[in-house]
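The next block holds one structure in the form of structure tokens; read it before the comments.
Any read-out appearing in this document is the output of simple, stated calculations on the displayed coordinates, not a laboratory observation. In this text the structure is predicted, and so the values were computed from the model without any measurement. Positions of Cβ are generated from backbone atoms using ideal geometry, with glycine treated the same way; all protein chains shown enter the neighbour counts.
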Amino acid sequence: MTYYLLLFILFLAIELSYFYIARKYNIVDKPNERSSHTGSPIRGGGILFWFSCICYAIIHNPQGIYFAVALTLLCVVSFFDDLMSVKKRIRILFHFLAIGVLFFDLRIYSCIPVWAIPLALIVAVGILNAFNFMDGINGMTGLYNLLLLLFLQYINLQLVSFTNPEFIWFAVIPCAIFLFFNYRKQAVCFLGDTGSMAIAIWIIYILLKLMIVTKSLVWILFLSVYGVDTVGTVIYRLYLRKSIFEAHRMFFFQILSNELRIPQRVVSILYAVVNLAVCILITQAYFRSSKAAWVTGGIAVLVLTGIFGLRFCPAIGRRLRTNKFIDG
């Protein structure tokens, strides 16, 4: 317990030091007509995950350099993107490089057919960007990922051992610290691209380890809530012939908080709790049979699709058109 308390104090000091530097050099997120927040919260608060990753590599796994390299690649390009606009092609290149290093570390290339490698890379990069998209309202990313990490740790400690528990704890601690500053009516900071990508690749790595040990892909359904909202929104944007890369407020969580005026922290709790419930149901089903887990996950995805499809109901549609978010 003392060890984790010292880590918490160390990481908290690092985060506060970054806040001082960010305020000094004006690294803040200035809201515009597409933003879901007011004020000027600090951008890039998620850089703490990079420090945590380096500390883990030094203390617990000096040989596990590849994960640190992958996360560093993402953090470097994302931090510059937080400071200035980095070209999409450069960002995507770094994303594929980072996932490529991750796959090499986990020997994914020898586990799947050659034809499946490009598909796996594309899916992983898509998940990275989904996490980035969802860092849009107070508490969303912190709560969602904290509950997901804690449940994965429960699986790791109680059901099937698939990774060093310290690896998960080193993600939990910075997530809790970030949440303290973010889960507020007026957030002190946001993860920025830096933190969103860092926590995304951390969770991808953990899920891949679980998939390898259990020899099952069903665990990707642990990302159902983010996945359904992201994929549905992308399809809708394409249907409207709008760029999927331009800023907008058409994610379901944004509609709930901005157009329906549900408090952001309430929306964040809903997303985190619903995803945790999906994870629990899938896990319970999996330890009965793998087929049952897939059926349970499939039903969960269909239900979520139906719920998120409410964005198309006439009342919400009129509100969106009135606020000109459909045409934005």
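Here the 3J(HN,Hα) profile of region 155-172, calculated from phi with Karplus coefficients 6.51, -1.76 and 1.60 at θ = phi - 60°, is 4, 5, 8, 10, 10, 8, 6, 10, 7, 5, x, 4, 4, 6, 4, 6, 8, 5 Hz, Gly and Pro shown as x. Ordered by the count of other Cβ atoms within 10 Å of each Cβ, fewest first, SER257, SER78 give SER257, SER78. Once the Cβ-Cβ distance between ILE54 and VAL303 is put in as r, and R0 is 56 Å, what FRET efficiency do you end up with, to the nearest 0.05? Efficiency for this residue pair is about 0.90. Between VAL28 and ARG43, the built amide H atoms are under 5 Å apart, and every one of these is 5 or more places off in sequence or on another chain.
Centroid-to-centroid, using Cα positions, region 189-248 and region 80-103 are 15 Å apart.
A simple spin-label model places the labels of LYS185 and TYR154 3.2 nm from each other, with each point 7 Å out along Cα-to-Cβ.
Of the peptides 137-150, 172-185, 83-96, the ranking by mean beta-carbon count within 10 Å, highest at the top, reads 137-150, 172-185, 83-96. Placing a label point 7 Å from the Cα of VAL295 along the Cα-to-Cβ direction, the residues of region 265-279 with a backbone N closer than 19 Å are 278-279. Computed over all pairs of different Cα atoms, the Kirkwood value for the hydrodynamic radius of the chain is 20.4 Å.
Here the 3J(HN,Hα) profile of region 258-264, calculated from phi with Karplus coefficients 6.51, -1.76 and 1.60 at θ = phi - 60°, is 8, 8, 8, 6, 6, x, 4 Hz, Gly and Pro shown as x. Here PHE67, PHE253 are placed in order of increasing Cβ neighbour count within 10 Å, fewest first, which gives PHE67, PHE253. Whole-Hz Karplus values for region 183-200 come out as 7, 9, 4, 10, 4, 6, 8, 10, 4, x, 4, 4, x, 4, 5, 5, 5, 5 Hz, taken residue by residue from phi with 6.51 cos²θ - 1.76 cosθ + 1.60 and θ = phi - 60°; glycine and proline positions read x.
Between ASN26 and MET84, the contour length at 0.36 nm per residue exceeds the alpha carbon distance by 19.7 nm.
The order of LYS291, LYS209, going from fewest to most other C-beta atoms within 10 Å of their C-beta, is LYS291, LYS209. Within the shell of other residues whose beta carbon sits under 14 angstrom from the beta carbon of TYR144, the net charge comes to -1, with Lys and Arg scored +1 and Asp and Glu -1.
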